[in-house]
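Working notes, beginning with the structure itself.
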Amino acid sequence: MTVVSMTVNEKPVSLDVEDRTLLVYFLRENMRLTGTHIGCDTSQCGACVVHVNGKAVKSCTMFAVQAEGAKVTTIEGLAKDGKLHPVQEAFRDNHGLQCGFCTPGMIMTAVDMIRRKGVMDRETIRHELEGNICRCTGYVNIVSAIEDASKRIAGAAEKVA
Amino acid sequence: MITYPFTYRRAKSIAEAEAMLKAAPEGKLLSGGQTLIAAMKMRLANPPELIDISGIKELDYIRVANGAVAIGAATTHWEVATSADVAKAIPALAHLASLIGDPAVRHKGTIGGSVANNDPAADYPSAVLALGATVKTNRRSIAADDFFTGMFSTALEENEIVTEISFPIPEKAAYKKFPNPASRYAMVGVFAARTKNGVRVAVTGAAPCVFRVPEMEAALAKNFTPDAVANIKVGADGMNSDIHGSAEYRAHLVTVMAKRAVAEAA
Ligand SMILES: Cc1cc2nc3c(=O)[nH]c(=O)nc-3n(C[C@H](O)[C@H](O)[C@H](O)COP(=O)(O)OP(=O)(O)OC[C@H]3O[C@@H](n4cnc5c(N)ncnc54)[C@H](O)[C@@H]3O)c2cc1C
Ligand code: FES
Ligand code: FES
């Protein structure tokens, strides 16, 4: 067992866990943050994507002890003051989800890619989504949602500037 | 899926990692974990100790000097793919890194882990071999031609730590990958390079271990154009054959991808 300390959605947490605890189980079972999903459990589907120090990673393929001292953001940490994140808004407006199982991972991946790439064409978005699988196969609307969100975020940044 | 229990240790320096390995004879190095953790979850690997080297600062760098790009073993695929220095010196290498897996895998996976693992379908081994790179370890320097010895096997000894891969900057180079549409690993990938020491062509994905194609290299040395390799075929004997593609299919792809790589490099 090891005491692991990290910041999850801006709140500091310290928990004594087995070294073999995967980050996804730490979040879901120890912290009861069940928005992060386990789809494949074999690094393929991206349902478990969270941000560690600002970068998208698959939390089923990382141990909690590796996140010692890190800043972790999950889907629960995106909305601020009761207001959805622009990517969440865009998924709602573009019907970017069906059953919703893949959605937390899709959104965390989308926030990461928009941060890195800004406004993207659909082809780029599809490439960036290579690590995320939607078993409802709703990719067209997922891509539309991300395209829309990237423009909204760029637009908002322009207004501020 | 849960791995067998193990003890996790974080090394802060190469010296500390060496000492930890010495104290844990069955222990294994953990770098990006994008291969090892999956293997541990499947219980194909059950190390009682994991020594995490991903946070070692002296293993995380990209330096361009003396006609070579030197990359520390713990440098992530994402860092290589987005490095302006790599893009300027060896654009084909930055491009190769950008094709590995997906963004989340690239954020964690490292060059040292990929090269040490020598997966038959991994991308980096083709660049290491085609550019005539040197694999540096905590003990010695190993030439690319001596490093990759077979499927998932390398010249690395017990407890030897890869510290750096040094790639001589080529005159021209390109990497063309035919990815498996599901896994993103290479069905076949060809890295073609014209270097100061001649033309080198390395193929990954097709066979149990990355290999060079001397007939193509000889033809390209005379005439570095796609036509020079268009009629050079590699035999299907010994090629990988699985649900994704037959040995004949992969052998055919070698010529196709070689042509495309040369067209891009030329
Ligand atoms: C969904 C998915 C898709 C992928 N697609 C691709 C792809 O398209 N192309 C590709 O090339 N790869 C692909 N990979 C593999 C990925 O590139 C891995 O990151 C890489 O193979 C291993 O690097 P790592 O840093 O994650 O190593 P780890 O998993 O941490 O370690 C792998 C092995 O290397 C050993 N090791 C690690 N570092 C060192 C060192 N410095 N010295 C000695 N031994 C060391 C470890 O002990 C272990 O045995 C994919 C992986 C996933 C999960
Ligand atoms: S659950 Fe982690 S990638 Fe599918
Ligand atoms: S919406 Fe059902 S899995 Fe994507």
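Every residue, every condition in (1) closer than 25 Å to A:T7 by Cα; (2) buried (at least 20 other Cβ atoms within 10 Å of the Cβ); (3) at pLDDT 95 or above; (4) not assigned by TED's automatic domain parsing to the domain that holds A:Y25, yes or no:
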residue: A:C102; (1), (2), (3), (4): yes, yes, yes, yes
residue: A:G105; (1), (2), (3), (4): yes, yes, yes, yes
residue: A:R116; (1), (2), (3), (4): yes, no, yes, yes
residue: A:S150; (1), (2), (3), (4): no, yes, yes, yes
residue: A:A156; (1), (2), (3), (4): no, no, no, yes
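Can you name the residue in the range A:135-157 that is within 14 Å of chain B (Cβ to nearest Cβ) and in contact with a helix residue (DSSP H, G or I) (Cβ under 9 Å, 6 or more places away or on another chain) and is also farthest from ligand 2 (Cβ to nearest atom) among such residues?
Result: A:I146.
Could you tell me which numbered condition A:N94 fails, if it satisfies all but one of (1) more than 9 Å from chain B (Cβ to nearest Cβ); (2) at pLDDT 95 or above; (3) away from ligand 2 (no atom under 16 Å from the Cβ); (4) over 19 Å from A:E128 (Cβ atoms)?
(4)
Would you check if there is a residue in the range A:14-25 being within 16 Å of ligand 3 (Cβ to nearest atom) and without any contact (Cβ under 8 Å) to a residue 60 or more places away in the chain?
no
Search the range B:177-194 for residues that are within 11 Å of chain A (Cβ to nearest Cβ) and within 22 Å of B:A221 (Cβ to Cβ) and pair each with any residue that is away from ligand 3 (no atom under 16 Å from the Cβ) and of a type in the set (S, T, Y) when their beta-carbon atoms are under 9 Å apart and the residues are at least 6 apart or on different chains.
As it stands, the answer is none, since no pair meets every condition given.
Looking at the range A:131-153, I want the residues that are within 14 Å of A:H95 (Cα to Cα) and have a partner that is hydroxyl-bearing (S, T, Y) and more than 16 Å from ligand 1 (Cβ to nearest atom) with Cβ atoms under 9 Å, at least 6 apart or on another chain. Which pairs are those?
The qualifying pairs are A:C134/A:T103; A:I142/A:T103.
Sort out for me the strands (runs of 3 or more DSSP E) sitting completely within the range A:1-117 that have 1 or more residues that are over 13 Å from the mean Cα position of the chain (by Cα), of a type outside the set (A, V, I, L, M) and over 30 Å from B:P48 (Cβ atoms).
Ranges flagged: A:2-8, A:11-17, A:71-73.
Would you call A:M120 within 16 Å of ligand 2 (Cβ to nearest atom), within 14 Å of chain B (Cβ to nearest Cβ) and surrounded by 15 or more Cβ atoms within 10 Å (Cβ to Cβ)?
no
Do we find a residue being away from chain B (no Cβ under 14 Å) and under 21 Å from A:Y25 (Cβ atoms) anywhere in the range A:44-62?
no
If A:A70 satisfies all but one of (1) of a type in the set (A, V, I, L, M); (2) surrounded by fewer than 24 Cβ atoms within 10 Å (Cβ to Cβ); (3) within 14 Å of ligand 3 (Cβ to nearest atom), what's the number of the condition it fails?
(3)
Within the range A:119-133, work out how many residues are under 14 Å from the mean Cα position of the chain (by Cα) and of a type outside the set (D, E).
Going through the range A:119-133 one residue at a time, the tally reaches 4.
One line per residue, one yes/no per condition, for (1) within 19 Å of the chain's Cα centre (by Cα); (2) touching a residue at least 24 places away in the same chain (Cβ under 8 Å):
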position	(1), (2)
B:F167	yes, yes
B:A219	no, no
B:A251	no, yes
B:V262	no, yes
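Quick one: would you say A:C40 is under 20 Å from A:R20 (Cα atoms), at pLDDT 95 or above and within 16 Å of ligand 1 (Cβ to nearest atom)?
Against the criterion (under 20 Å from A:R20 (Cα atoms), at pLDDT 95 or above and within 16 Å of ligand 1 (Cβ to nearest atom)), A:C40 qualifies.
Out of (1) surrounded by 16 or more Cβ atoms within 10 Å (Cβ to Cβ); (2) in contact (Cβ under 8 Å) with a residue 40 or more places away in the chain, what's the single condition that is false for A:E10?
Single failed check for A:E10: (1).
Against the conditions (1) within 16 Å of ligand 2 (Cβ to nearest atom); (2) outside the structural domain of A:V24 (by TED's automatic domain parsing), where does A:V72 fall short? Just the number, please.
(2)
Can you tell me which of A:G46, A:G35 is within 23 Å of B:T110 (Cβ to Cβ) and modelled with pLDDT of 95 or more?
Only one candidate passes the filter, namely A:G46.
The values are calculated or read from the model by the stated rules, or taken from the named source; none is laboratory data. On a predicted model such as this, the values are computed, not experimentally measured, just so you know. Virtual Cβ from ideal backbone geometry, glycine too; neighbours counted across all protein chains shown.
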